[in-house]
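Quick notes on the structure that follows.
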Amino acid sequence: MNLLSIGGSDPSSGAGIQSDIKTFDSLNVHGLTVITAITGQNTSNFGMVEPVSQKILKNQLDSVISDFKIDGIKIGMVYNSEIIKTIYRELKNTKIPIVVDPVIKSTTGGLLIEKTAIIDFKKFLIPLATVITPNKFEAEFLSKIKIDSEKSLQKAAQEIQNMGVKNIVITGLEIKKDQILDFIREGENQYKVSGKKISKINHGSGCNYSASLLFSLASGKSLKKAVKFSKQFTYNSIKNAHAINKLVEIKNIYKSIPECQTNFVFSKKNPKSIKDILGVLGRIVKTGDTVTVAGHLSYGGSEHVATALLTINKKYPDIRAAINLKYNKETISKLRKGGLLIFSYDRSTEPKNVKNKEGSSIEWGVKYAIKNSEEPPDVIYHRGDFGKEPMIIIFAKTPTLIIEKISRLFI
Ligand code: PXL
């Protein structure tokens, strides 16, 4: 599948084009990009914006459109009227799904569209969209209606619909502390989808959401299914990425990275195969006395650790995160002292038919280890075999709980 993202460059890769490439990559689709503007920004400050010329914008669009079969388009930062009109001229006859993410301001306060371009944005870009995905602030800005009640929410969505787009998803409406709600107006129908909230505000999480929504729509899903998918996708990616950042920061963690390196995985609910499990494609590797994340997060990005998790998840569906670490006796005894529930298996007793079948050892071992378990395991290890490195796998409900368990090793 080829998906095109039209938007601004963010050198810190938290949002914009760079973030969309990462999202598309992790969904295993090919991401094409057309840059509308270059921004200078990082995680705390927004510097300059320089829009690109109409000429190079058109040339970028022509280049990808003439060469690829594009399955869906996301439009993010467009900055000025010239850019908006050029995109409109190029895409006005397109039949594939177009998600418009009407970005107005960055979380750090940078203006992503000129005030004078708003009229043309409404006139030309909104009618191009299959779905528009404003957050609460953007919906208020576009509709000029303050959203402070159910009635005003519906009215704002209707007002945006009147600008010429059939489907509106207003994201990020808070209901409870740990829940976040999206409001959807799909033609004449209205409904809400709720999901788990990420506690920290995330630069770029909106980009993540709209890019994964496009993926889901381009895969033929209904809008409701697509919204559900992208809520879960955004949550999982950010949760796992945060946990991996925390892991890398643990002092002396390099001592726990095995020869075959580490993966840190997080599963969707009720995974059917390792394709439903997010892992680091390329693994977390030891680089001297530090560790480096060598690759990006990807569904299907782990084979071994994901297989272990899949096996555990069949018996204990709440367990959705796992990591593998280097085996040694001291680590096991520290984990045991920390009160963790530990099981093991012996690879030298592995039946021949399992040994000969590529990739079946882990499933066999994990099943064997928890054969008589009455509670979900925190840890499963084996001491290796001829030519097989010994290994520890830690399990938990979430990536954050994995970090908590590992942190006990280094106090
Ligand atoms: O998240 C919205 C967004 C989109 N595109 C670019 C951005 C931002 C936010 O900072 O910089 C280029």
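Tell me, which helices (runs of 4 or more DSSP H) wholly within the stretch 70-184 include 3 or more residues that are under 26 Å from the mean Cα position of the chain (by Cα)?
Because the criterion is at least 3 residues that are under 26 Å from the mean Cα position of the chain (by Cα), the helices (runs of 4 or more DSSP H) in the stretch 70-184 that meet it are 136-143.
Just to be sure before I move on: is residue 41 more than 25 Å from the chain's Cα centre (by Cα) and crowded, with 16+ Cβ neighbours inside 10 Å in the structure I sent? Quick ask: steps written out before the conclusion?
On the way: more than 25 Å from the chain's Cα centre (by Cα): no; crowded, with 16+ Cβ neighbours inside 10 Å: yes.
For residue 41, the condition - more than 25 Å from the chain's Cα centre (by Cα) and crowded, with 16+ Cβ neighbours inside 10 Å - is not met.
Among (1) of a type outside the set (A, V, I, L, M); (2) in a strand (DSSP E or B); (3) in contact (Cβ under 8 Å) with a residue 24 or more places away in the chain, where does residue 194 come up short?
Here residue 194 meets the rest and fails (3).
Which residue pairs have Cβ atoms under 8 Å apart, sit 6 or more places apart or on different chains, and have a first residue in the stretch 327-338 that is in contact (Cβ under 8 Å) with a residue 60 or more places away in the chain and open to solvent by 50 Å² or more (accessible area, probe 1.4 Å) and a second that is among the charged types (D, E, K, R) and assigned to a helix (DSSP H, G or I)?
334/408
Go through the stretch 82-102 and give me each residue that's open to solvent by 30 Å² or more (accessible area, probe 1.4 Å) and among the hydroxyl-bearing types (Ser, Thr, Tyr).
88, 94
Let me spell it out: the conditions are (1) among the aromatic types (Phe, Trp, Tyr); (2) away from the ligand (no atom under 16 Å from the Cβ); (3) in contact (Cβ under 8 Å) with a residue 60 or more places away in the chain, and residue 183 meets all of them except one. Which number is the exception?
(3)
Hey, can you tell me all the residues within the stretch 16-38 that are assigned to a strand (DSSP E or B), open to solvent by 10 Å² or more (accessible area, probe 1.4 Å) and within 16 Å of the ligand (Cβ to nearest atom)?
Answer for the stretch 16-38, where residues must be assigned to a strand (DSSP E or B), open to solvent by 10 Å² or more (accessible area, probe 1.4 Å) and within 16 Å of the ligand (Cβ to nearest atom): 31, 33, 35, 38.
Can you work out which of the residues in the stretch 103-148 that are of a type in the set (Lys, Arg) and open to solvent by 60 Å² or more (accessible area, probe 1.4 Å) is nearest to residue 93 (Cα to Cα)?
It comes out as 123.
Just to be sure, is residue 401 in the same structural domain as residue 291 (by TED's automatic domain parsing), assigned to a helix (DSSP H, G or I) and either in contact (Cβ under 8 Å) with a residue 40 or more places away in the chain or surrounded by fewer than 18 Cβ atoms within 10 Å (Cβ to Cβ) (or both)?
Details: in the same structural domain as residue 291 (by TED's automatic domain parsing): yes; assigned to a helix (DSSP H, G or I): yes; either in contact (Cβ under 8 Å) with a residue 40 or more places away in the chain or surrounded by fewer than 18 Cβ atoms within 10 Å (Cβ to Cβ) (or both): yes.
Answer is yes for this residue.
Output the qualifying pairs, or none if there are none: Cβ atoms under 6 angstrom, residues six or more apart or on different chains, first residue in the stretch 133-162 and assigned by TED's automatic domain parsing to the domain that holds residue 231 and of a type in the set (Phe, Trp, Tyr), second residue surrounded by 15 or more Cβ atoms within 10 Å (Cβ to Cβ) and part of a loop (DSSP other than H, G, I, E, B).
141/104
If I ask for residues that are within 16 Å of residue 311 (Cβ to Cβ) and either surrounded by fewer than 20 Cβ atoms within 10 Å (Cβ to Cβ) or in contact with a Ser or Thr (Cβ under 8 Å, 6 or more places away or on another chain) (or both), which ones from the stretch 376-391 would you list?
376, 380, 381, 382
Quick check, is residue 215 under 22 Å from the mean Cα position of the chain (by Cα), open to solvent by 10 Å² or more (accessible area, probe 1.4 Å) and without any contact (Cβ under 8 Å) to a residue 60 or more places away in the chain? Step through it out loud before you land on a result.
Working: under 22 Å from the mean Cα position of the chain (by Cα): yes; open to solvent by 10 Å² or more (accessible area, probe 1.4 Å): yes; without any contact (Cβ under 8 Å) to a residue 60 or more places away in the chain: no.
When the stated conditions are applied, residue 215 does not pass them.
Can you confirm whether the stretch 350-357 contains a residue that is under 29 Å from residue 236 (Cα atoms) and open to solvent by 10 Å² or more (accessible area, probe 1.4 Å)?
No, that holds for no residue.
Does residue 56 satisfy the criteria of being modelled with pLDDT of 95 or more, more than 16 Å from the ligand (Cβ to nearest atom) and assigned to a loop (DSSP other than H, G, I, E, B)?
no
Looking at (1) within 11 Å of the ligand (Cβ to nearest atom); (2) on the phi < 0 side of the Ramachandran plot; (3) modelled with pLDDT of 90 or more; (4) in contact with a Gly (Cβ under 6 Å, 6 or more places away or on another chain), find the lone condition where residue 75 falls short.
(4)
Is it fair to say residue 73 is in contact (Cβ under 8 Å) with a residue 60 or more places away in the chain and crowded, with 17+ Cβ neighbours inside 10 Å?
Taking the combined requirement at face value, the residue satisfies it.
Can you confirm whether residue 275 is at pLDDT 90 or above, under 20 Å from the mean Cα position of the chain (by Cα) and basic (Lys, Arg)?
Answer is yes for this residue.
Can you pull out every residue in the stretch 227-242 that is of a type in the set (Gly, Ala, Ser) and either in contact with a Phe, Trp or Tyr (Cβ under 7 Å, 6 or more places away or on another chain) or without any contact (Cβ under 8 Å) to a residue 24 or more places away in the chain (or both)?
Scanning the stretch 227-242 gives a single hit, 230.
Can you tell me which residue is nearest to the ligand (Cβ to nearest atom) among those in the stretch 1-15 that are open to solvent by 10 Å² or more (accessible area, probe 1.4 Å) and either part of a strand (DSSP E or B) or under 20 Å from residue 84 (Cα atoms) (or both)?
We begin by selecting, within the stretch 1-15, every residue open to solvent by 10 Å² or more (accessible area, probe 1.4 Å); these are 1-2, 9, 11-15.
Okay, now just the ones that are also either part of a strand (DSSP E or B) or under 20 Å from residue 84 (Cα atoms) (or both), so 2, 9, 15.
Numbers: 2: 21, 9: 6, 15: 4 Å.
The qualifying residue nearest to the ligand (Cβ to nearest atom) is 15.
The values are calculated or read from the model by the stated rules, or taken from the named source; none is laboratory data. Note that the coordinates shown come from a computational prediction; the quantities given were computed from them, not determined experimentally. So basically every Cβ, Gly included, is an ideal-geometry build from the backbone, and we count neighbours across all protein chains shown. Only protein heavy atoms, including side chains, enter the accessible area calculation; ligands, DNA and RNA are left aside. Shrake-Rupley method; radii C 1.70, N 1.55, O 1.52, S 1.80 Å.
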